[in-house]
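Notes to accompany the following structure.
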Amino acid sequence: MTLLLGDSSAPYQAFTETLRQRLPASIRLSVREPNGSVGASDLVVAVGMKAAESAASDPRSPILAVMVPKSGYDSLFLGQKMPQGISAIYLDQPWERQVDFLYAVLPDVERVGLLYSPETRLEISPLLNSVANHGGSVVAQSVQSAERLFSSLERVLSGSDVLLAIPDSRIYNATSIRNILLTSYRHEVPLIGLSQGYVNAGALAAIFTLPEQIAEQTAKQIVAFEQRRGLAAPSYPEHFTISLNNQVARSLEIRLPSESDIRKRMRNTGGAER
Amino acid sequence: MRRIGIRTQITALTLIPLLVVVVSMEAYFLRDRFADLDNDLQEHGKLLARQLAGSAEYGVFSNNQAFLQGIANYTLMQNDVRSIAITDSSSRILHHASDPTGKVTSSGSDDNIFQSRVDLLNPISIDTESVWLYQPIVPTQVGLDDLADEPKSLQIGAVVIEMSRRDTEKRKSKMLWFTVSVTALILAFPLYAIFLASRSITYPIRRLSEAVQQIAKGNLDVQVRVSDGTTQELGNLASGFNDMAAQLKDERAILEDRIEEATQALRAKKEEAERASHDKSHFLAVASHDLRQPLHALGLYIAELQRKAVGDEQQYLVRQVERSVESLSTLLNALLDISKLDAGAIVPHMQVCDLGAMLRHVATDYQILSSLRNIRLVIHPCTEHVHSDPMLLERILTNLVSNALRYTPQNGRVMIACRRRGDRVRIEVRDNGIGISRNDQNNIYREFFQLNQPQLDSSKGLGLGLAIVDRLVKLLGHQIGLRSAPGKGSVFAVEVPIASGVAESSMAGTIDSETETEAVTDNSILAGKKLLVVDDDEMVLNSTASILLAWGCQVTLATSLSQVEQYLQHDMSWDMIISDYQLENHATGIDVITMVQQHQSQKLPPCILVSGDTGPTVLKLAAVSGHHLLHKPVKPAKLRSLAIHLLEDTE
């Protein structure tokens, strides 16, 4: 069993730690860095996009890619024949869950703003459906370049009640997030983020999955792989974490429901997960 | 080298190191502070730029002019900020603002200025007025925990701040002035201290030097005041100086006492000497008077005796007595002269003398003697006037002539001649006598020295003539020389200064030799003449009377002034008056003449004064009163010739 780590940063370390705890002792785990040859193994668990790319370049063993965005996984493996078997546990949340979360937090939202870049490869239709199911509409605006971000942002914010972040680092990154948040704040439009970082930076709320949660799911997958000698289809994470920014809510004069209320509402609207 | 005062030296020594230290320290301090100020300005500018860049991030991102203007104006309110420019990533100026109080710059043309001054690579530019600072605007990074690749953070713009250096420069100059003033104060204190200290040195020194000058002037009472402020060494010096001055004063007092004592002693000695001298003079005067008186009488008696003696034997005896008396008289005169000269009793009275008259007079005196001895006495006429005492000079000449006659054999020749030698006259007395050997030439001026000449025994002198000449020459300041060789005669030469202005000398008793020779045989004029003879010595009076009677005169005798007065009251008158100079009760012959003149309305008869005193006062009085003066002992022949001469004149 080879564990291929993208790097030794904190999320990966947390992931590795949790995985070791969850795995039975019979399963031997060898941890590698993505550079160099991967070598033959029963199963290669590639953590992060870099490890996934590395594993994909030397596909001699079955690959389980974890903590990768769905778009990344798709661009890497979609359409490729992998005889040894390949699967993934995505980092991002399914659209339905995102939208359910959005409406659980802000039930009165009518227009959901969305920014996308030409490079964005997302299946938008589930999102549109989900929003439509909640009785709202999506206001999408494309961003041609970083310089044009402000005008696109202005436009999308002026026509929406909430801005929903998408996992596209061309739009949402460490550099731009502050200005995006400032602009949205000036328009009194809350932002729904994709990680704890968004909330820390000033997003109203975020729904995401922690590395530990993914590690638990991965451990289950590995055990299942041991037993069945086959990989399940790629899946979204089962578990998720909710983070709220009450300070921002107060600033925007939004009454936030409690986390448990949010989870309850999400369950009520038909969201699958716990 | 110029002499530098103590104060200047002390000041230089103290001030120069202090100045170096203070100035260097303050220069260092100022440099440091100036650098700090510049640095502060830069840091302040950097801080403002960073702050502005941070706050302008969103404004640049959103190209929000109002926002940018707000923060720019806020920044402009900060001290020292002169202008601000905010550019986007393509260096296009999004906003420009400048301090309205500062230099107004047009915003449009400033683009290039900003660009040319500073950029990312040269973030700081400094000119004389401003500091320009460039700060890129880089978006703040916010971690999103999304495990996505972080794109390189890009510069989205820049902030350029122009910081005015005006205030900084103002503060610098303020600081500079402050430092300079402090330096001046720092230097002023030691200067004042030096002033005080050096005053405590230079004042005492000045006082000391003044005191030294005072002492140099002889004022020993000087005391240098020692004040408390004086340094110890100078205090010691001053007190030492005072001690020295006091010591000097004491010594001088002692010395003065001693000098006073010595002076007293000297004065006593001098008085003693003066007394002795006076006694001696008195003795000499008395002696000359008292010794001459009898000799005078003796001469007159002998003359009388000679006339009355009968027979060859008696005549011979009388002639022998006459010769003895003559020798005695000559000896006495010479001895008295020497004594008076040695005693300093004779004071020369320098005046203009007619040398020619004097020589004629000398010649007259010796004509008879020379003819008796058959010696030719030749006088070369002389017209010079000399500066000398006439009496004493004549004495010198007579002595020389008499000396020459004495040592010249019969048929010899004695010549007197004058030669002008520059401003002097050389009076030569030549003879062709026996001459003087070289050895004897050194001795001839000694008293009682005589050449051993047996042939000339008969006219042997006393050996005092040349001794007197020598003394007189020295007394008058003239010079005497001798040229002589044995057997070839001698030449005595006296050099006398020529009188600058020629004036007739008032010489008493100059007589033409012709009249005398004429009178020798002529008795007739004396016969029947009435003569008044006054003398306090009866012996002299009688002898004079007897010889005058023998000459055929009518003689009235008086021993005192009062007796003369009695005669005058009886209306007596005389053809001639012969009076002794010194009479009783301090009366003189001049008083007699004056009295006669007062009583006689007619013309005053001729007067002859006879004196045993050769003192200068007598001579002078006689000269002043215009009367003739004869010295005792008076030779009868001389008296007779003078009397005849005077009587002839009156007729």
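Read-outs: derived from the displayed coordinates by stated rules, not from any lab. Being a predicted model, the structure only gives us computed values, none of them experimental. Positions of Cβ are generated from backbone atoms using ideal geometry, with glycine treated the same way; all protein chains shown enter the neighbour counts.
Expressed in whole Å with the largest first, what are the equivalent ellipsoid semi-axes of chain A derived from the C-alpha gyration tensor as the square root of 5 times each eigenvalue? Mind dumping the intermediate values first?
Numbers: eigenvalues 246, 80, 56 Å².
Output for chain A: semi-axes of 35, 20, 17 Å.
Take every residue in peptide B:137-143, count the Cβ atoms of other chains within 10 Å of its Cβ, and give the average of those counts. Spell out each step's value before the answer.
On the way: counts 0, 1, 8, 6, 5, 14, 8.
Neighbouring Cβ atoms belonging to other protein chains average 6 per residue here.
Give me the number: length gained by fully extending B:L19 to B:I368, i.e. 0.36 nm times residue separation minus the C-alpha to C-alpha distance, one decimal in nm.
Details: separation 349, 0.36 × 349 = 125.64 nm, distance 11.11 nm.
Extra length from B:L19 to B:I368 when fully extended: 114.5 nm.
Return the average number of partner chain Cβ atoms within 10 angstrom of each residue Cβ along peptide B:10-16.
Numbers: counts 0, 0, 0, 0, 0, 0, 0.
Shielding by partners across B:10-16 averages 0.
With charges only on Cβ, +1 for K and R and -1 for D and E, what is the dipole size of region A:121-220 about its Cα centre, in debye, rounded to 20? Spell out each step's value before the answer.
Values: 7 positive and 8 negative charges, 39 e Å.
With Lys and Arg at +1 and Asp and Glu at -1, about 180 debye.
Counting only other chains, what is the mean number of Cβ atoms within 10 angstrom of the Cβ of each residue in peptide A:59-68?
Numbers: counts 0, 0, 0, 0, 0, 0, 0, 0, 1, 1.
Partner Cβ neighbours, averaged per residue: 0.
For the protein assembly as shown, what is the charge dipole size about the Cα centre, in debye to the nearest 20, if Lys and Arg each add +1 at the Cβ and Asp and Glu each add -1 at the Cβ?
Values: 90 positive and 105 negative charges, 470 e Å.
Using Cβ point charges on Lys, Arg, Asp and Glu, the protein assembly as shown gives about 2260 debye.
Treat each spin label as a single point 7 Å out from the Cα along the C-beta direction, and report the B:K170 to A:L29 distance in nm.
Placing both labels 7 Å along Cα→Cβ, they lie 7.0 nm apart.
Can you give the alpha-carbon Rg of region A:172-274 over 2.2 N^0.38 Å, where N counts its residues? Let's see the in-between values first.
Details: Rg = 17.2 Å, N = 103, 2.2 N^0.38 = 12.8 Å.
Cα Rg divided by the expected 2.2 N^0.38 Å: 1.35.
For the residue pair B:N585 and A:N133, what label-to-label distance in nm results when each label sits 7 Å from Cα along the Cα-to-beta-carbon direction?
According to this spin-label approximation, the distance is 19.6 nm.
Rank by packing, highest mean first: peptides A:211-218, A:104-111, with packing defined as the count of other Cβ atoms within 10 Å averaged across residues. Before the final figure, lay out the partial values.
Details: A:211-218: 21.8, A:104-111: 17.9.
Top to bottom by mean Cβ count within 10 Å: A:211-218, A:104-111.
Limiting things to C-alpha atoms, what are the Rg and the maximum Cα-Cα separation (Dmax) for chain B, in angstroms?
63.0, 202
For the pair B:Q315 and B:A193, how long in nm is the line joining their label points, each one 7 Å along Cα→Cβ?
Label at B:Q315, label at B:A193, 12.7 nm between them.
Report the equivalent ellipsoid semi-axes for region B:347-507 in whole Å, largest first, defined as the square roots of five times the eigenvalues of the gyration tensor built from alpha carbon atoms.
Details: eigenvalues 134, 58, 38 Å².
Computed over region B:347-507, the values are 26, 17, 14 Å.
Set Lys and Arg Cβ to +1 and Asp and Glu Cβ to -1, take the dipole of region B:313-374 about its Cα centre, and tell me which of B:Q320, B:S371, B:I346 lies farthest positive.
The listed residue farthest towards the positive side: B:S371.
At a threshold of 8 angstrom on Cα-Cα distance, excluding pairs fewer than six apart, so keeping six or more, what relative contact order does chain B reach in percent?
Reported as a whole number, the value is 9 percent.
Per-residue counts of other Cβ atoms within 10 Å, averaged by peptide: what ranking do you get for A:44-53, B:23-32, B:131-140, highest first? Provide the component values of the computation, followed by the final result.
Numbers: A:44-53: 25.2, B:23-32: 12.2, B:131-140: 21.9.
Taking the mean over residues of other Cβ atoms within 10 Å, the ranking is A:44-53, B:131-140, B:23-32.
Report relative contact order for chain A in percent, whole number only (criteria: Cα-Cα under 8 Å, sequence separation at least 6).
Numbers: 484 pairs, mean separation 50.9, N = 274.
Reported as a whole number, the value is 19 percent.
Need the C-alpha centroid separation for region B:170-246 versus region A:148-174, integer Å.
After rounding, the separation between the Cα centres reads 91 Å.
Calculated FRET efficiency, B:L549 and B:R438, Cβ-Cβ r, R0 45 Å, to nearest 0.05?
Working: r = 55 Å, r/R0 = 1.23.
With a Förster radius of 45 Å, E is 0.20.
Multiply the residue gap between B:H380 and B:M77 by 0.36 nm, knock off their C-alpha separation, and tell me the result in nm, one decimal place. Write out the running numbers ahead of the final one.
Working: separation 303, 0.36 × 303 = 109.08 nm, distance 13.70 nm.
That works out to 95.4 nm of additional length.
Please go through region A:224-274 and write out the GluC sites (Glu not before Pro) that DSSP classes as loop and that have at most 12 other C-beta atoms within 10 Å.
On the way: sites: A:E226, A:E238, A:E253, A:E259, A:E273; in loops: A:E238, A:E253, A:E273.
Sparse-neighbourhood loop GluC sites (Glu not before Pro): A:E253.
Please provide three numbers in whole Å: the alpha-carbon extents of the protein assembly as shown along the principal axes, with the largest listed first.
227, 64, 52
In what sequence, highest mean first, do B:357-369, B:632-644 appear when ranked by Cβ atoms within 10 angstrom?
On the way: B:357-369: 19.2, B:632-644: 21.0.
The most tightly packed comes first, giving B:632-644, B:357-369.
With a sphere of radius 15 Å drawn around the Cβ of B:V555, what net charge do the other residues whose Cβ falls strictly inside it have (Lys, Arg +1; Asp, Glu -1)? Present the calculation step by step, with values, prior to reporting the outcome.
On the way: positive: B:K529, B:K530, B:R640; negative: B:E304, B:D535, B:E538, B:D575, B:D580.
Spelling it out: positives minus negatives among the neighbours equals -2.
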